[in-house]
Amino acid sequence: MQQAIAVLDSGVGGLTVVKEVMRQLPQEKVIYFGDTARSPYGPRPPEEVRMFTRQIIDYLLKFNPKMIVIACNTATAVAIEEIRARVSIPVIGVISPGARAAIKSTKSGVVGVIGTEGTIRSQAYEYALQSISPSIHVLSEPCSLLAPFVEKGLFHADEADTIVEQSLRPLIGKPIDCLILGCTHYPFLTPAIARVMGPDVTLISSADETAREISTILYHRGLLAATGLLPIHQFFCSGEPKLFKQIAQMWLKEQISITPVVWQVPTII
Ligand code: DGL
């Protein structure tokens, strides 16, 4: 049986990475877990996010995947090292790929980062950017309203511009030439973010670079899927599946089926 790439997020955000994986690696089977019952992760304490991430990974490991992609910046920021130490397959996150993409893009050396409170508090982007290029100047801003807004499926609504404008106000007029969308939910809001930031600021989503990293790792380990029939992807979510399915189908532009998961262990909401 074809081994899958297992992708996880607190909700629909990781689908922005999945879409790019499907585009760059159409032969690869993806299994996706959106922890919608416990989204958002952004305001939660690191230990809780680590516990949720471990729990999802234990669930996904039952499918014998060949790689794990933590398509959630908040979970990547606090849990990736621990997860890497726990499992024997490659584990990649979205922060290093996003940082690399920003370093490639910036000319001014002043990079903006938006993310959840958890991601911004962790300073994971500062570390990732400055470990590649120590002179990079980083201006970061938590945008706690945006991921919950996307989870409601409202990204095309008129309120999108208003909420994005409010959230990004501290960065408007700052000398950044690129802005890292440091939460995988934010690419859903790209048109509104682009309108607010204007044409001189390049928006960086980690999805492209993450899919490229997945491709490189699978190639070097001889794990790329053999060419043949197109795979059937699997989607799981822990909350109400109807809206998740609508958002996923709209974003991925394909029909999917969702398997709801009810956590058997006590969960902290
Ligand atoms: N999509 C996630 C991230 O990249 C989490 C958003 C949230 O649940 O707060 O950080």
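Couple of notes before you dig in:
- Spatially proximal aspartates and glutamates relative to residue 19 (Cα-Cα < 14 Å; intrachain offsets below 8 disregarded): 9, 28, 208, 209, 254
- Look at the alpha carbon pairs under 8 Å that are at least 6 residues apart: their mean separation over the length of the chain gives a relative contact order of 26 percent.
- Sequence-distant residues sharing a close amide H with residue 177 (under 5 Å, placed H): 108, 110, 112
- Cα-based helix-to-principal-axis angle, 95-105 vs the chain, degrees rounded to 10: 50 degrees
- Here the stretch 46-121 and the stretch 142-189 have alpha carbon centers that stand 20 Å from each other.
- Inter-site label distance for residue 216 and residue 110 at 7 Å from Cα along Cβ, in nm: 2.9 nm
- The 3J(HN,Hα) values that the Karplus relation (6.51, -1.76, 1.60; θ = phi - 60°) gives for the stretch 20-29 are, in residue order, 6, 5, 5, 6, 7, 10, x, 7, 7, 7 Hz. Gly and Pro appear as x.
- Taking N as its residue count, the alpha carbon Rg of the chain over 2.2 N^0.38 Å: 0.95
- For residue 92, distant residues with modelled amide H under 5 Å away: 68, 69, 70
- Full-extension gain in nm, residue 154 to residue 64, via 0.36 nm per residue minus C-alpha separation: 28.9 nm
- Per-residue [θ]222 nm for the chain (sum of -39500 (n - 2.57) over DSSP H runs n ≥ 4, rounded to 500): -13000 deg cm²/dmol
- Rolling a 1.4 Å probe over the protein heavy atoms gives the stretch 1-145 an accessible area of 36 Å² per residue.
- Chain lengthening between residue 117 and residue 133 when straightened (0.36 nm per residue, less Cα-Cα): 3.4 nm
- Along the chain, the longest continuous region that contains none of the trypsin sites (Lys or Arg not before Pro) in a DSSP loop with at most 16 other C-beta atoms within 10 Å is 153-220.
- Whether the stretch 100-192 is rounded, prolate or oblate, judged on the alpha carbon gyration tensor where a/c under 1.5 counts as rounded: prolate
- In sequence order, the stretch 229-246 has phi-based couplings of 5, 5, x, 9, 7, 10, 10, 10, 9, 8, x, 5, x, 5, 5, 4, 5, 4 Hz under the Karplus curve 6.51 cos²θ - 1.76 cosθ + 1.60, θ = phi - 60°, and Gly or Pro positions carry x.
- 21 Å tail of the calculated P(r), the stretch 149-210, as % of Cα pairs: 18 percent
- Accessible carbon and sulfur surface of the stretch 25-104 relative to its total accessible area, %, 1.4 Å: 55 percent
- In order along the stretch 59-66, the Karplus-derived 3J(HN,Hα) couplings, from 6.51 cos²θ - 1.76 cosθ + 1.60 at θ = phi - 60°, round to 5, 5, 5, 5, 8, 6, x, 9 Hz, and Gly and Pro are given as x.
The values are calculated or read from the model by the stated rules, or taken from the named source; none is laboratory data. Everything quoted here is computed from the prediction, not taken from an experiment. In this analysis, Cβ positions are derived from the backbone assuming ideal geometry, glycine residues included, and neighbour counts consider all displayed protein chains. Calculation scope for accessible area: heavy atoms of the full protein, side chains included, ligands and nucleic acids excluded. Shrake-Rupley method; radii C 1.70, N 1.55, O 1.52, S 1.80 Å.
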